[in-house]
Amino acid sequence: MTRPRVDNTAIDNAATDAFFAEFGDAARALPPVAIVIAAFNEADVIGMVVEALPPTICGLKTAVVVVSDGSKDKTAAVAKAHGALVCDVPVNRGQGAALRLGYRLAREGGAGYIVTTDADGQYNPAEMERVLAPVVAGEADFVTGSRKLGSQETNDPVRRLGTWVFAVTISVLTRQRVTDSSFGLRAMRAEVTGAVRLQQPQYQSSELLIAVLAHGFRVVEVPATIHKRKVGESKKGHNAIYGLKFARVVVGTWWRERQRRVPGSGSAGRSASGRQPGDRSAAVPAHGEPPALAPDPLAANGSGSPSSPGTPAASAADTTDSDSLDPRSAKRR
């Protein structure tokens, strides 16, 4: 059965308008850090997840933005009752589409940094400090946790093997070392999400990672933990189906970004600021303001000479001090 086509631009615009109309100044003047969560039918656990999130990270105030992706239960109501700003989208489109919308809401709300986590409680909120710290310190533009450098509770040998295979595949394709391509606990400068092309409705973690690497942003991996899901079941589907679809996204994104870097190959138009069409993002606020990103000229018009490649994804495990990051390891060549 073919999934009906949806007008993503219209859905995103309507959801954005409704979000800002409902929450007013609370949404239009976000604190420096926006914690973005995509949720689908997670009413049984989303309240606990939101309650556990820190009010400050790295000394910066946070706000929680939950995008309820066509949930049929009380996910939106529960998240809102626990203090989250909730964007309730009536159509289920996938985690990638929900996070893409969440990034837009964070940018337009004026947040300088974005942290993502999952709605199922598999990630440790206490590790958000470790993930965001290199970004706030100006040592990285994008930081992802890594179960390979940290730990994981899953005993599924197929999932463990898949994590390793995709990490190796992306490392080979991008020529930059990656140890975990699908970790949901990440931190980034808000502007990064508007400077890269994000179009996958699902299996979006690899698309985002490959895109930021291809654009030459400074990427760092840090040790982190993924726990077993405590409530409900995973929505990722059977291992074989998940693996095939994930592989398609990995190869498709790599090829798309490779073509973007080839002179005359063409790409979607962007403004010089890196904003995507329809994005009404405000300037980053003075409080906790990160330095401005240098936009990728190829992302703007898809032409010109190929830019210099980004550096390998640095990891805390590669430094002499296991808990420190050498700023030089994160700089672009």
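The values are calculated or read from the model by the stated rules, or taken from the named source; none is laboratory data. In this text, all values refer to a predicted model and were calculated from it rather than measured experimentally. Cβ atoms come from the backbone with ideal geometry, glycine included; neighbour counts cover every protein chain shown.
Residues to consider are 136, 172, 143; find the one that is of a type outside the set (Ser, Thr, Tyr) and surrounded by fewer than 18 Cβ atoms within 10 Å (Cβ to Cβ). That would be 172, the only listed residue that is of a type outside the set (Ser, Thr, Tyr) and surrounded by fewer than 18 Cβ atoms within 10 Å (Cβ to Cβ). All conditions in (1) surrounded by fewer than 24 Cβ atoms within 10 Å (Cβ to Cβ); (2) touching a strand residue (DSSP E or B) at 6+ places or on another chain (Cβ under 6 Å) hold for residue 110, with the sole exception of (2).
Touching an Asp or Glu at 6+ places or on another chain (Cβ under 7 Å) and surrounded by 24 or more Cβ atoms within 10 Å (Cβ to Cβ), is that true of residue 209? In short, no. Given the conditions (1) surrounded by fewer than 18 Cβ atoms within 10 Å (Cβ to Cβ); (2) in contact (Cβ under 8 Å) with a residue 60 or more places away in the chain; (3) out of contact with any helix residue (DSSP H, G or I) (no Cβ under 8 Å at 6 or more places or on another chain), which single one is not true for residue 8? The single condition residue 8 does not satisfy is (3).
Summed over the stretch 154-204, the residues that are assigned to a helix (DSSP H, G or I) and in contact (Cβ under 8 Å) with a residue 40 or more places away in the chain give a count of 13. In the stretch 180-203, the qualifying residues are those that are at pLDDT below 95 and either among the aromatic types (Phe, Trp, Tyr) or within 16 Å of residue 145 (Cβ to Cβ) (or both), and the one that is farthest from the chain's Cα centre (by Cα) is 180. Scanning the stretch 73-82 for any residue that is at pLDDT 95 or above, within 22 Å of residue 201 (Cα to Cα), among the polar types (S, T, N, Q) and in contact with a helix residue (DSSP H, G or I) (Cβ under 9 Å, 6 or more places away or on another chain) turns up at least one such residue. Only residues that are surrounded by 15 or more Cβ atoms within 10 Å (Cβ to Cβ), assigned to a helix (DSSP H, G or I) and in contact (Cβ under 8 Å) with a residue 60 or more places away in the chain were counted across the stretch 16-73, and they come to 7.
For the stretch 88-100, the condition holds for at least one residue, the condition being that it is under 24 Å from residue 195 (Cβ atoms), out of contact with any strand residue (DSSP E or B) (no Cβ under 8 Å at 6 or more places or on another chain) and crowded, with 24+ Cβ neighbours inside 10 Å.
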